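The values are calculated or read from the model by the stated rules, or taken from the named source; none is laboratory data. Worth saying up front: this structure is predicted, and the values here are computed from it rather than measured. Positions of Cβ are generated from backbone atoms using ideal geometry, with glycine treated the same way; all protein chains shown enter the neighbour counts. Surface areas here come from the heavy atoms of the whole protein model, side chains and all, with no ligands, DNA or RNA. Shrake-Rupley method; radii C 1.70, N 1.55, O 1.52, S 1.80 Å.
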Amino acid sequence: MDFTPTRERGQLRLSQFLPAAGRHYAENRNADDGPDAIALGGGRGNVSQLSPWLHAGLIGEAEVLQAVLGHHSPRAAEKFVAEVFWRVYFKGYLEQRPAVWADYCAGRDKALAAMEGNSGLRTAYAQATEGRTGIEAFDVWSRELVETGYLHNHARMWFASIWIFTLKLDWQLGADFFLRHLMDGDAASNTLSWRWVAGLHTKGKHYLARADNIARYTAGRPGGPLAAPGLAEDAAPLAEPHDHPRWLPDLPPPVTAADLAQPFALLLHDEAAHHAPLALPAAPALVIGASRAGARSPGAIGAPALHFTEGAMASGLAESAAAFGCPVVEWPAGAPLEPLLAQAGITRLAVPYLPAGWTRDALAPGLAPLAAQGRIVTLLGDLDRATWPHAKAGFFGVAKQIDALLGECGIAG
Ligand SMILES: Cc1cc2nc3c(=O)[nH]c(=O)nc-3n(C[C@H](O)[C@H](O)[C@H](O)COP(=O)(O)OP(=O)(O)OC[C@H]3O[C@@H](n4cnc5c(N)ncnc54)[C@H](O)[C@@H]3O)c2cc1C
């Protein structure tokens with residue numbers, strides 16, 4: 001699969017996958033045929049593998065939904081559309097409970113520190129992350145993740161379940177391992193999916209991987225089904241001592257040309273690395289790139305994830321310069337932002353919404369002085385603005401609104 005981190009490549013993958021996004025997806029999406037299962041345009045045939053481009057903001061959820069509904073009836077595309085809404089739901093859920101993210105970071109750091117002083121834990125962690133546990137399926141996925149930067153959704157569920165309930169490793173260390181290596185590593189989807197598998201998202205309801213299920217859905221791999229002997233069969237879900245308070249912040253209204261009447265700079269970050277999905281109502285006089293690829297983990301970031309993140313920013317900046325005929329500059333970590341604006345004689349900055357996660361953690365302190373002076377215009381997509389208020393509890397709250405949300409956002413296909 002060609003994961004070139006450009007908008008053009010993401011659009012090409014979308015167009016290649018479109019014929020399969022209807023009933024074919026609904027019926028076949030659960031199979032993990034492995035990274036060598038080359039079908040559509042050099043990628044897997046049953047899932048889109050669009051997540052790295054979506055996470056980087058090289059393509060937007062709304063344009064993906066629009067394209068899919070332009071190709072299939074709403075009924076045929078129902079499953080694929082719902083999966084894209086899972087992504088938006090998770091973002092909205094975390095946005096309303098940022099303490100979930102803060103607790104994850106604190107728990108991860110505690111677990112990493114505990115490992116320092118415990119050689120048994122260090123060995124178990126090394127075996128899991130290097131694919132040496134002796135559980136064939138788990139070891140194959142562990143190496144596949146590190147080598148390719150992508151895992152099939154079902155493999156992510158099985159892997160997380162085995163990590164937590166069979167290997168009995170700390171779930172936050174597993175979530176961190178994913179974030180270090182996934183090209184689509186996403187604070188909301190990753191943290192909340194690990195919590196879901198553990199039984200913390202839907203309290204008391206966990207996901208236990210079963211060897212027969214793994215064998216069934218990996219049967220299409222070139223080497224045949226993956227074996228998973230010795231899995232925990234009746235482990236209890238994890239529990240935590242406290243609930244996380246819910247609070248939906250005031251979401252910014254749609255931005256108009258009047259909001260951007262003065263010359264302004266556009267900030268591109270790792271979750272919005274391209275201007276096109278932002279649908280700006282006016283052209284910026286300067287584009288500023290702020291990649292913080294290393295902020296996702298205290299550990300080393302895997303080569304595919306690093307390459308995709310940095311490449312997405314490089315291609316996004318180059319294409320902005322060409323589209324707007326304006327200069328681009330990079331805002332290095334630790335440096336003040338104000339001089340970049342002052343040098344260009346610009347006071348206002350348009351910033352794509354920074355959802356809860358490491359990108360916000362890394363950029364918010366540097367943006368705070370401008371925010372305090374009222375110099376930031378925040379860009380939030382219609383789909384997020386409309387969907388997030390429904391992401392209060394379980395996915396069902398969003399699922400039952402999907403038709404209305406598509407209508408409200410003008411996504412008709
Ligand atoms: C433990 C675990 C960790 C995960 N970590 C991440 C992560 O860091 N980043 C990430 O983007 N996804 C994550 N997911 C969700 C899901 O596995 C991936 O989004 C999906 O596998 C990406 O492959 P695809 O693009 O081929 O998906 P497709 O099946 O083609 O789906 C299309 C799009 O819908 C969205 N989507 C599909 N399934 C889900 C889902 N279950 N949850 C949220 N969005 C979904 C994705 O944006 C995806 O690109 C995780 C799931 C689990 C179980």
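Tabulated data for the structure shown
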read-out	value
Solvent-accessible heavy-atom area per residue, rounded to whole Å², over the chain at 1.4 Å	41
For L40, distant residues with modelled amide H under 5 Å away	G45
Antiparallel DSSP beta bridges within the chain, percent to nearest 5	10
Pairwise centroid distance, computed over Cα atoms, of segment 346-404 with segment 82-116, Å	16
Straight-distance crosslink candidates among aspartates and glutamates, where the alpha carbon sits under 18 Å from K110 and sequence neighbours closer than 8 are dropped	D170, D176, E240
Mean Kyte hydropathy of -1.0 or more with a Cα span along the axis of at least 20 Å, helices from DSSP in the chain	78-96, 98-116, 303-324, 358-372
Accessible surface of the chain [probe 1.4 Å, protein heavy atoms]: carbon and sulfur percent	55
Fraction of beta bridges assigned by DSSP in segment 257-380 that are antiparallel (%, nearest 5)	5
Qualifying lysines (Cα of each under 24 Å from Cα of K400; at least 8 residues distant if same chain)	K79, K91, K203, K205, K392
Solvent-accessible area of F324 with every protein chain in place, 1.4 Å probe, in Å² to the nearest 10	60
Mean Cβ count within 10 Å, highest first, over the residues of peptides 382-391, 187-196, 403-412	187-196, 382-391, 403-412
